[in-house]
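Worksheet: one structure, shown below.
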Amino acid sequence: MKSKDIVVYTVCAVAAAALILFSAMRMAKKPEPPPAAPFQRISLADMQRADAIVIDVRDVDAYIAGHIPGSLHIPLSYIDGEVPYLPKDKAIVTYCTCPAEESSGKAAEIMTGHGLRASALLGGLEAWRAAGMLLHTGRQP
């Protein structure tokens, strides 16, 4: 047997051992935790009756193009870092333009996990528009 063949066999054996070890580690991996409880949703009528902080979780371009008057702009990717600055004693309503409140629901889950009273606006900004409500444009709330 040539030394070149020995090198090839050794490399193949090491690669096979690595794959076996990797597979064993994946199988021994702890099971995923159960999914978080579904986030709370709030209707437009209930939101209007509540004395709540309203947060737009969309990107800046979407916010500038049109948002609920008085809403704060905190994109979903920043929610976790902004939680310490939000009041724990006040209701919070998040909204987006996702068909099933995906982004606003995720934001509400994050906030609820930190002890805040948060819910997602059912129907999001589209529900607001469909109700004929006023929209603001630009950076000001």
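Here are the numbers:
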{"item": "Pair list, Cβ under 7 Å, 6 or more apart: the range 99-116 residue under 20 Å from residue 89 (Cβ atoms), other residue polar (S, T, N, Q)", "result": "107/94; 108/40; 108/94; 108/119"}
{"item": "The range 54-105, residues that are in a helix (DSSP H, G or I), modelled with pLDDT of 95 or more and either of a type in the set (Asp, Glu) or closer than 21 Å to residue 136 by Cα (or both)", "result": "60, 61, 62, 63, 64, 65, 76, 82, 103, 104"}
{"item": "Flag for residue 46 being modelled with pLDDT under 95 and acidic (Asp, Glu)", "result": "no"}
{"item": "Residue ID - nearest to residue 43 (Cα to Cα), chosen from residues in the range 106-117 that are assigned to a helix (DSSP H, G or I) and touching a strand residue (DSSP E or B) at 6+ places or on another chain (Cβ under 7 Å)", "result": "108"}
{"item": "Unmet criterion (only one of (1) touching a Ser or Thr at 6+ places or on another chain (Cβ under 6 Å); (2) part of a helix (DSSP H, G or I); (3) farther than 20 Å from residue 140 by Cα) for residue 125", "result": "(3)"}
{"item": "Residue check for residue 95: within 21 Å of residue 67 (Cα to Cα), assigned by TED's automatic domain parsing to the domain that holds residue 63 and either surrounded by fewer than 18 Cβ atoms within 10 Å (Cβ to Cβ) or of a type in the set (Phe, Trp, Tyr) (or both)", "result": "yes"}
{"item": "Test for residue 43: is it without any contact (Cβ under 8 Å) to a residue 60 or more places away in the chain, of a type in the set (S, T, N, Q) and touching a strand residue (DSSP E or B) at 6+ places or on another chain (Cβ under 9 Å)", "result": "no"}
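The values are calculated or read from the model by the stated rules, or taken from the named source; none is laboratory data. Not measured: the values here are computed from a predicted model. No Cβ is skipped: glycine too gets one built from the backbone with ideal geometry, and neighbour counts run over all protein chains shown.
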